Amino acid sequence: DFFMIIIFGHSPIYGFLNTVQEYNLGTREWRVVTTNGFPVKGGYGHSASYDELTEKIYVHGGIISESESQQLLSNKLYSYDPKTHTWSMLTSSGIARYLHTANFISHGLMMVFGGNTHNDTSHSFGAKCYSMDLLLYDVICDSWHHQSMPSDLQADLSRFGHTSEVFEKRLYIYGGFDGEMLSDLLRFTPGNCSTLEHVDQCLSTLPGVKCIWDIQEG
């Protein structure tokens with residue numbers, strides 16, 4: 001069977017949801033899944049991206065409910081195993097945001113772009129509310145990296161509420177909001193390990209490339 005998985009959300013009746021729902025595309029039936037593992041908190045405006053390497057869904061950021069009267073921006077990262085219905089807490093990004101996007105640019109390397117940060121913090125790299133941050137999360141190392149933008153880039157990339165998709169190993173970003181509705185299309189192309197000739201070059205590559213140097217002795 002094939003399933004569509006809905007993670008968290010906000011209901012006008014039930015408020016913040018920490019539930020996982022599954023829709024069976026074959027039987028056309030919905031069900032709320034009983035999960036285990038880390039006790040996650042409900043929220044909305046987060047990102048959720050599936051990694052084919054680990055076969056898990058990675059959920060980042062959003063607005064979460066700490067109590068009935070307190071809602072906070074989150075920088076947390078969780079993984080969800082759809083086979084065992086298990087939640088795990090991973091290393092936080094340190095940069096809270098919501099209405100951003102996250103895509104796996106390659107197996108095991110998640111790319112987070114944009115989002116609403118609400119204010120100019122020491123972690124927002126100069127972006128006020130509408131972020132142009134490009135963050136990368138390495139699944140195997142459980143580590144975060146910040147991808148710097150070209151200094152001569154003319155376009156204003158800061159935005160939230162956009163959509164993004166990976167096609168032929170390139171990240172495409174469409175639209176969003178930065179004080180006005182946007183209709184532009186951005187494309188990010190990561191580096192290529194095939195251009196590297198030495199192990200030192202592999203170890204010093206910028207984030208955006210998952211490079212493994214294979215040393216074979218004859």
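Among the listed residues THR19, THR27, identify the single one that is over 21 Å from ASP142 (Cβ atoms), over 17 Å from the mean Cα position of the chain (by Cα), assigned to a loop (DSSP other than H, G, I, E, B) and not hydrophobic (A, V, I, L, M, F, W, C).
Within the list THR19, THR27, the selection yields THR27.
Would you mind finding the one in ASP120, ASP152 that is surrounded by fewer than 16 Cβ atoms within 10 Å (Cβ to Cβ), over 17 Å from THR189 (Cα atoms) and either at pLDDT below 95 or among the basic types (Lys, Arg) (or both)?
Among ASP120, ASP152, only ASP120 is surrounded by fewer than 16 Cβ atoms within 10 Å (Cβ to Cβ), over 17 Å from THR189 (Cα atoms) and either at pLDDT below 95 or among the basic types (Lys, Arg) (or both).
For region 167-184, give me the residue count where each residue is over 19 Å from the mean Cα position of the chain (by Cα) and in a strand (DSSP E or B).
Qualifying residue count for the region: 4.
Taking region 105-118, which residues are assigned to a strand (DSSP E or B) and within 22 Å of GLY176 (Cβ to Cβ)?
Residues satisfying the conditions are ILE105, MET110, MET111, VAL112, PHE113, ASN116.
Go through the residues of region 196-204 one by one and say whether even a single one is at pLDDT 85 or above, assigned to a loop (DSSP other than H, G, I, E, B) and either open to solvent by 50 Å² or more (accessible area, probe 1.4 Å) or among the small types (Gly, Ala, Ser) (or both).
Among the residues of region 196-204, not one is at pLDDT 85 or above, assigned to a loop (DSSP other than H, G, I, E, B) and either open to solvent by 50 Å² or more (accessible area, probe 1.4 Å) or among the small types (Gly, Ala, Ser) (or both), which makes the answer no.
Give the residues of region 46-69 that are of a type in the set (Phe, Trp, Tyr) and crowded, with 20+ Cβ neighbours inside 10 Å, sorted by residue number.
TYR58 - this is the single residue of region 46-69 that is of a type in the set (Phe, Trp, Tyr) and crowded, with 20+ Cβ neighbours inside 10 Å.
Could you check, for region 135-145, whether at least one of its residues is at pLDDT below 70 and either of a type in the set (Val, Ile, Thr) or at positive phi (or both)?
The answer is no, given that none of the residues of region 135-145 is at pLDDT below 70 and either of a type in the set (Val, Ile, Thr) or at positive phi (or both).
Any residue in region 177-190 that's of a type in the set (A, V, I, L, M): show its pairings with residues that are surrounded by fewer than 18 Cβ atoms within 10 Å (Cβ to Cβ) at Cβ separation under 6 Å, as long as the two are six or more apart or on different chains.
Matching pairs, first to second residue: LEU182/GLY175; LEU185/TYR174.
Got a number for residues in region 74-104 being within 17 Å of MET132 (Cβ to Cβ), part of a strand (DSSP E or B) and either at pLDDT below 95 or aliphatic (A, V, I, L, M) (or both)?
Qualifying residue count for the region: 2.
With the structure loaded, tell me whether LEU99 is at negative phi, within 21 Å of the chain's Cα centre (by Cα), open to solvent by 40 Å² or more (accessible area, probe 1.4 Å) and aliphatic (A, V, I, L, M) or whether it fails that test.
no
Quick test of your reading of the structure: VAL33 fulfils all but one of (1) open to solvent by 20 Å² or more (accessible area, probe 1.4 Å); (2) modelled with pLDDT of 95 or more. Name the failing condition by number.
With (1) open to solvent by 20 Å² or more (accessible area, probe 1.4 Å); (2) modelled with pLDDT of 95 or more applied to VAL33, the lone miss is (1).
Under 6 Å between Cβ atoms, which residue pairs at least 6 apart in sequence (or on different chains) link something in region 8-37 that is under 20 Å from TYR80 (Cβ atoms) and basic (Lys, Arg) with a partner that is open to solvent by less than 100 Å² (accessible area, probe 1.4 Å) and modelled with pLDDT of 95 or more?
ARG31/GLU22
The values are calculated or read from the model by the stated rules, or taken from the named source; none is laboratory data. Predicted, not measured: the structure shown is a model, and the values here were computed from it. For neighbour counting, all protein chains shown are included, and Cβ atoms are generated from backbone atoms with ideal geometry for every residue, glycine included. Areas reflect the complete protein model, heavy atoms only, side chains present, ligands, DNA and RNA absent. Shrake-Rupley method; radii C 1.70, N 1.55, O 1.52, S 1.80 Å.
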